[in-house]
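Below is one structure; the comments refer to it alone.
Values quoted throughout were computed directly from the atomic coordinates according to the rules given, and no laboratory measurement underlies them. Computed from a prediction, not measured in an experiment: that's the story for all the values here. Cβ placement follows ideal geometry from the backbone for every residue including glycine, while neighbour counts extend to all protein chains displayed.
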Amino acid sequence: MSAPVIALIDDDEVFQLTSSRMLRAINPDVTVKQFANGGVALSFFAEQAENAEELPDIILLDINMPYVDGWMFLQDFEKIRESLVKIPTIFMVSSSIDPTDISKAKSNEQVLDYLIKPISKAKFEVLINQ
Amino acid sequence: MKMPPRKKVKRKSAPSLQPKKDDGSLIQSIEMAGMGFWQWIVGSDVIEWSQQVFKLYNITPKEFDGTYESFLNLIHPQDRSKVSKIIDHAFSKGKNYSVQHRIKVKNGKIRWIEGVGHVVKNPKGKVIKIAGFVRDITAEKKIETERANWKNRFDLIAKSAGVVLYDFDIRSGKINWSGESSETLGYTNKEMGDVDVWGKRIHPEDRVQAIALLDNAMRNISRYDVSYRFKHKNGTYIHLHDRGFFLAGEDGKAQTMLGMMNDISDRLEAEGKFQKLIRDLSIGVRVHNVNGQVMVSNQKAEELLDFHPKGLAGLATENRLVKEDQSFFTPDELPVHTVIKTKKKKRDVVAGIVGKNNSVTWAMLHAEPLTDTSGKLVQIVTTLTDITENKKVQSALMESENRFRTLQEASFGGIGLHDKGIIIDCNQGLCELTGYTQKELIGMNGLNLIAEEYRSFVLERIVSGYDKPYDTEGVKKDGSRYFLEIRGKNIPYLGKQIRVTEFRDITDRKKSEQKISEQNAKLIAVAEDLKIKNEQLQEFTQIVSHNLRSPVGNILTLLEFVEQSQNQKEKDEYHALLKVSAEKIQNTLTELHEVLRIKQNTNIEKQHLYFDDILDATKLLLHTQIVQSGTRILADFTNCPTILYPKVYLDSIFLNLISNAIKYGKTNITPLIEIKTEIKEGTCYLTCADNGLGIDLNKHGQKIFKLNKTFHSHPESRGIGLFMIKNQIEAMGGMIGVESEVNNGTTFIVNFGNQIMQ
């Protein structure tokens, strides 16, 4: 299996740092792409729609972000999804343990699973190897 | 006209026949009897008349020339040939004659004359003269004519009445028939023959009885009235009704039988049919005479009275009739006797007929008087209708009615039975409920028990037969009102549809309902409050989830990293990040504390504040940002310069709105902030409009006033943001809203609630 491309969409800089270091520790070949909010990520995906190497295999999506939050990202991503040469697997990642957030995420067809922060190294391993 | 040969003599007048001395006395006496004498000597052409003849003909001798022609001229034209024939006959045959004829006398009147002629012959038998008398028979003729007229009329009457008249001479056995014999009996009067012929034509079965009856009447010289069958000429028998009377002769014995008969076959047939009808009727019919005795009764009457028909007539069956209370009827109480006494009909008398085995058959009795044309009572007709079954049904009904009454008296509610709204019965419960007595209620319109404004509503339900309970308001006799539940049902009762209505006082229920609804309102208010509290809790949950858990999670991860790291430089990096995360938690906790304080402290001290002062203080705080961005602030507080408000809150509101406006300004345009106050409908409004980036409210509208990282990245604002000012404004009874379009600036509108300075 070739090294996966992972997109981290989160405004939390500490989470970005710790997560990308953990991912690289698990597999030094992974490409981690960091986006501070949903809007930045969406415009990048739209630009690289036909570039399979730049597009992520996995997206880790935060809910609470300025401008374009996780929910808005999912709405807009659905519109560009068909034009992408590679369809990523989306995990929703949040520190929220609010049941409304969890059920809302799980009922969304684009979201494979909902992960509660903090995320351990072991959990990242399972995620990458899926 | 054949005339005997005569010598015609012309004379001025007829020779007067003078009585001769030898026979004068005879002629005189004839003349004195009013008879005229005349003679006509053969060979002479002159008829000689005595004085009396001239008188009878009412002419003078000068007016009669004595010729035969002149004589014939005097005779009535209709009788002329008859007279002439007879006279010719007398001459030619030598026969005496007698003739009656009419003459027309001068005054135009008709006079009847009887002429008698005597032929005188010589010894050789040759007629030598005719002599005779004439007399006036007008009076006799008149009587005769009248009699004939009467006879004609009588016949006509008899014919038109369809009766046959007869006059039977008992001694000769001859019968003079007249009237309608051929129409009725088929025979002409002649063919009817004598008494023997009549007797033979009577039906053999009826003959002996009829003749015996007539014989009896004949012996008593009395009237008779008999019916028998008589053989018609066509061979069939018809029913004859024959009545008349016997007349006695001088010897005191019956001499003449005068009578009339008519065909009553049709009537008998009709009567037979009618009788059969009466017999077969399902109601008993009896005809009584004026003494109350039964003359006729039909089969049903006999059945009902349990009598053999032959034993029925005249028997005092009434002895066995009982009233509904089982006591016997006295004779005066019986309908037939009532009718005899009052001559008015008596109806609807219920009587029980006690049978042989003491079983009782119940009958409804009616009695009707039959009077003749003069109004005299002739007969009484009574009818009996078997109502035993009805009685059974009725007593069953009464029993169930009694049960029902017991039941409804035991019921706590009021029960009324009404027919088209009028109460026909009710229980004690209804009296207690409404305050009326039972007497007052019965006959009253049930709608009067309903409060006026509900009557049409209730009436609608009565008319439509609505049978489910419904609430309305009742009104008592004293005018007081009460809550009422009504349930009505249409039921058949004694042959008609009536409505049973149950009244239930539901005042208590209504009161508890009211209490319940009051409590319900309270509960709703509490629930509303709880909902708000819950929303706030959810808000806090979110804050905890996103704003506290997130840095805590980071701290845990970073601590792990620090533990695993061998590199001091790396460790230092993690420590710095740990500090950032810890500060985040610190900030969030401060915010939460602030929000809780705002929410709990609605009685925060209010001050008399001037918007100008607050704006000046804010400008001072944001001095660096304003100068760096070149922001221009236009303020107008003239419409509402002051407000009674917590100073901390108003500072916070101004600081946040203005700092946001600067922060989200467009890079290529100098930020312009217009801030003003005004009063609308007694409330102070603040608007703060900028020319900045604007916000896509469709995307961000929901979270704009929520605790969000976006709004607390400025360390100077102590991280409070729109979330905090929203809480402050709402805590003071106000509201905050936003209007914005992307690239077209943002306007915040603050409604301060009723915080205006008086």
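Based on the inverse mean of 1/r over its pairs of different Cα atoms, what is the Kirkwood hydrodynamic radius of chain B, in Å? Mind showing how you got there, number by number?
Values: mean 1/r = 0.0226 Å⁻¹.
Answer for chain B: a Kirkwood hydrodynamic radius of 44.2 Å.
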Under a no-solvent Debye model with one identical scatterer per Cα of segment B:76-178, what's log10 I(q)/I(0) at q = 0.14, 0.15 Å⁻¹? -0.78, -0.82
Within straight-line cross-link reach of B:LYS571, aspartates and glutamates at Cα separation under 19 Å, skipping those fewer than 8 residues along the same chain: A:GLU13, B:GLU560, B:GLU563, B:GLU583
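Based on Cβ point charges of +1 for Lys and Arg and -1 for Asp and Glu, what charge dipole magnitude is obtained for segment B:144-268 about its Cα centre, in debye rounded to the nearest 20?
Working: 18 positive and 19 negative charges, 29 e Å.
The dipole of segment B:144-268 has a size of about 140 debye.
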Positive end of the dipole of the protein assembly as shown, charges at C-beta (+1 Lys, Arg; -1 Asp, Glu), about the Cα centre: which of B:LEU686, B:THR383, A:ALA52 has its Cα farthest in that direction? B:THR383
Charge tally in the Cβ shell below 14 Å around B:ILE211, where Lys, Arg are +1 and Asp, Glu are -1, B:ILE211 excluded: 0
Size of electric dipole in the protein assembly as shown: Cβ of Lys, Arg +1 and of Asp, Glu -1, about Cα centre, debye, nearest 20: 11480
Considering only C-alpha atoms, what is the centroid distance from segment B:262-293 to segment B:579-654, in Å? 121
Per-residue average of other protein chain Cβ atoms inside 10 Å, peptide B:551-561 -> 5
Within the set B:LYS584/B:LYS663; B:LYS85/B:LYS126; A:LYS123/B:LYS533; A:LYS33/A:LYS106; B:LYS233/B:LYS273, which residue pairs have Cα atoms separated by over 29 Å? A:LYS123/B:LYS533
Scalar couplings 3J(HN,Hα) for segment B:676-692 by Karplus 6.51 cos²θ - 1.76 cosθ + 1.60 (θ = phi - 60°), nearest whole Hz, x for Gly and Pro, are 8, 10, 7, 10, 10, 6, x, 10, 8, 10, 10, 10, 10, 10, 10, 10, x
Stokes-Einstein translational diffusion, segment B:601-751 - Kirkwood Rh over all Cα pairs, 0.890 mPa s, 25 °C, in µm²/s: 157
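Most exposed first by the Cβ proxy, i.e. fewest other Cβ within 10 Å, how do B:MET32, B:MET192 rank? Intermediate results must be reported in sequence, preceding the final value.
Working: B:MET32 9, B:MET192 21.
Taking fewest neighbouring Cβ atoms as first place, the list is B:MET32, B:MET192.
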0 to 90° range, to nearest 10: angle between helix B:507-542 axis and chain B longest Cα axis: 30
Relative to the first principal axis of the alpha-carbon coordinates of chain B, what is the inclination of helix B:455-464, with its axis defined by its Cα atoms, in degrees from 0 to 90 and to the nearest 10? 60
Using a cut-off of 12 Å between beta-carbons, work out the net charge of the residues near B:LEU548 (Lys and Arg +1, Asp and Glu -1, B:LEU548 not included). +2
About the Cα centre, charge dipole magnitude for segment B:601-751 (Lys/Arg +1, Asp/Glu -1 at Cβ), debye: 520
Given B:TYR454, B:LEU433, B:SER395, which one lies farthest toward the positive end of the charge dipole of segment B:393-505, if we put +1 on the Cβ of every Lys and Arg and -1 on the Cβ of every Asp and Glu? B:SER395
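Identify the trypsin sites (Lys or Arg not before Pro) of segment B:89-179 meeting these criteria: DSSP loop state and at most 14 other C-beta atoms within 10 Å of the C-beta. Could you put the intermediate results ahead of the total?
On the way: sites: B:LYS93, B:LYS95, B:ARG102, B:LYS104, B:LYS106, B:LYS109, B:ARG111, B:LYS121, B:LYS124, B:LYS126, B:LYS129, B:ARG135, B:LYS141, B:LYS142, B:ARG147, B:LYS151, B:ARG153, B:LYS159, B:ARG171, B:LYS174; in loops: B:LYS95, B:LYS106, B:LYS109, B:LYS124, B:LYS126, B:ARG171.
Answer in residue order: B:LYS95, B:LYS106, B:LYS109, B:LYS124, B:LYS126, B:ARG171.
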Amide H to amide H, which residues 5 or more places from B:LEU247 or on other chains are under 5 Å from it, using H placed in the peptide plane? B:GLN255, B:THR256, B:MET257, B:LEU258
Residue-averaged beta-carbon neighbours from other chains (10 angstrom radius) around B:371-377: 0
With a 10 Å Cβ neighbour count serving as the proxy for reagent exposure, in which order, fewest first, do B:ASP478, B:ASP136, B:ASP636, B:ASP690 appear? B:ASP478, B:ASP636, B:ASP136, B:ASP690
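On a 27 Å Cα-Cα criterion, which of the cross-link pairs B:LYS55/B:LYS93; B:LYS323/B:LYS489; B:LYS55/B:LYS141; B:LYS344/B:LYS420 come out too long?
Values: B:LYS55/B:LYS93 31 Å; B:LYS323/B:LYS489 36 Å; B:LYS55/B:LYS141 19 Å; B:LYS344/B:LYS420 34 Å.
Pairs exceeding the cut-off: B:LYS55/B:LYS93; B:LYS323/B:LYS489; B:LYS344/B:LYS420.
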HN-Hα J couplings of segment B:298-305 from phi, Karplus 6.51/-1.76/1.60, θ = phi - 60°, integer Hz, Gly and Pro as x? 9, 4, 5, 4, 5, 4, 4, 8
Name the lysines eligible as straight-distance cross-link partners of B:LYS511: C-alpha to C-alpha under 23 Å, and not fewer than 8 places from it in the same chain. B:LYS468, B:LYS476, B:LYS477, B:LYS522
Principal axis lengths of segment B:444-567 from Cα atoms, whole Å, largest first? 111, 34, 20
Would you work out which of B:GLY413, B:ASN534, B:TYR224 lies farthest towards the positive end of the dipole of chain B? Charges go on Cβ: Lys and Arg +1, Asp and Glu -1. B:TYR224
Eligible aspartates and glutamates near B:LYS346 by straight Cα distance, threshold 19 Å, same-chain separation 8 or greater: B:GLU318, B:GLU324, B:ASP332, B:GLU333, B:GLU368, B:ASP372, B:ASP386
Which residues' amide hydrogens lie under 5 Å from the amide hydrogen of B:LYS129, considering only partners 5 or more residues apart or on another chain, with H built in the peptide plane? B:VAL42, B:VAL120
Where does helix B:77-93 land angle-wise versus the long Cα axis of chain B, in degrees 0 to 90, nearest 10? 30
Before rounding to the nearest 500, sum -39500 (n - 2.57) across all DSSP H runs of length at least 4 in chain B and divide by the residue total; then give [θ] at 222 nm in deg cm²/dmol. -12500 deg cm²/dmol
Here the longest stretch of chain A that holds no GluC sites (Glu not before Pro) in a DSSP loop having at most 12 other beta carbon atoms within 10 Å is A:54-108
